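Undergrad: One structure, as C-alpha cells, below. Some questions next.
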Amino acid sequence: VWRYLCMVPTDGVAKARSTILPVRNDRRVPMMQVLELYRGNLKPNEVLAACGRDDPDEEILSGRLFYAHLYLGLYHEVAGELSLARKYISLAADKKLAKNPNVNSYMWDVARIHAELMEESE
C-alpha cells in the first residue's frame, strides 16, 4: 500500500497497482479489504462495511475504523479527491483514538500529522 501511495503521483495508478505485492490471509480487519481497494477490486464503502464484520465491540470497531479511515484518506488523496481525503484523515486523527489499544500510536501520529499538514495547505 505504501509503495502504491508513493508511485501514483509519478507513475500512475495502473503502474502502482501492478507492483502491489501479493498478500494472503492478513487477519487484521480491514487490511485485506484495504489492499483489495488499492488493487481496484473493492469500493471504499466495502472497506468500511468490513469493519463491522463479526459484530465487534465498540473498542475493536473504532480501531478497525481508524485504519479504514486512514487508508481511505490516503487513497483519496493520491486520487486527487482532496475533500474526501480530508474527511477520512480527520476521522483517523480523532484524539479519542490515541488511547485505543487497537490503534498503534505511531500510526495515530501519522494520521494526526497528516491532518495538520492538510489543514495548513487549505
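Undergrad: With θ set to phi - 60°, apply the Karplus curve 6.51 cos²θ - 1.76 cosθ + 1.60 along segment 16-26 and write out the HN-Hα couplings as whole Hz, x wherever there is a Gly or Pro.
TA: In residue order, the calculated couplings are 4, 5, 5, 9, 5, 5, x, 10, 10, 6, 6 Hz.
Undergrad: With θ set to phi - 60°, apply the Karplus curve 6.51 cos²θ - 1.76 cosθ + 1.60 along segment 102-110 and write out the HN-Hα couplings as whole Hz, x wherever there is a Gly or Pro.
TA: 8, 10, 5, 4, 4, 5, 5, 5, 4
Undergrad: Still on this structure, please answer the following. Grab the other residues whose beta carbon is less than 15 angstrom from that of ASP109, score K and R as +1, D and E as -1, and report the net.
TA: +2
Undergrad: Where Lys and Arg each count +1 and Asp and Glu each count -1, what net charge lies around ALA16 among other residues with Cβ under 13 Å from its Cβ?
TA: So the surrounding residues net to +3.
Undergrad: Local charge sum around PRO44 (other residues, Cβ-Cβ under 14 Å, Lys/Arg +1, Asp/Glu -1)?
TA: Its environment carries a net charge of -1.
Undergrad: For the chain, what is the calculated [θ] at 222 nm in deg cm²/dmol (nearest 500), taking -39500 (n - 2.57) for each run of four or more DSSP H residues and dividing by its residue count?
TA: -20000 deg cm²/dmol
Undergrad: Treating cross-link reach as a plain straight distance, find the lysines whose alpha-carbon is under 27 Å from the alpha-carbon of LYS99, omitting any fewer than eight places away in the same chain.
TA: Candidates past the 8-residue exclusion: LYS87.
Undergrad: If you don't mind, another one. At most 15 other C-beta atoms within 10 Å and a DSSP loop state: those are the exposed trypsin sites (Lys or Arg not before Pro) I care about. Give me the longest piece of the chain that has none.
TA: So the longest stretch without any such site is 54-122.
Undergrad: I would also like to ask the following. Rg to Rh ratio, segment 2-120, alpha-carbon atoms and Kirkwood radius?
TA: 0.96
Undergrad: A follow-up question, please. Under 13 Å Cα to Cα from LYS95, which aspartates and glutamates show up? Leave out anything in the same chain fewer than 8 places away.
TA: Excluding near neighbours in sequence, the set is ASP109, GLU116.
Where a number appears in this text, it was derived from the coordinates with a stated rule and is not lab data. Quick caveat: nothing in here was measured; it's all calculated off a predicted structure. Counting neighbours? That spans all protein chains shown, and the Cβs are built from the backbone with ideal geometry, glycine included.
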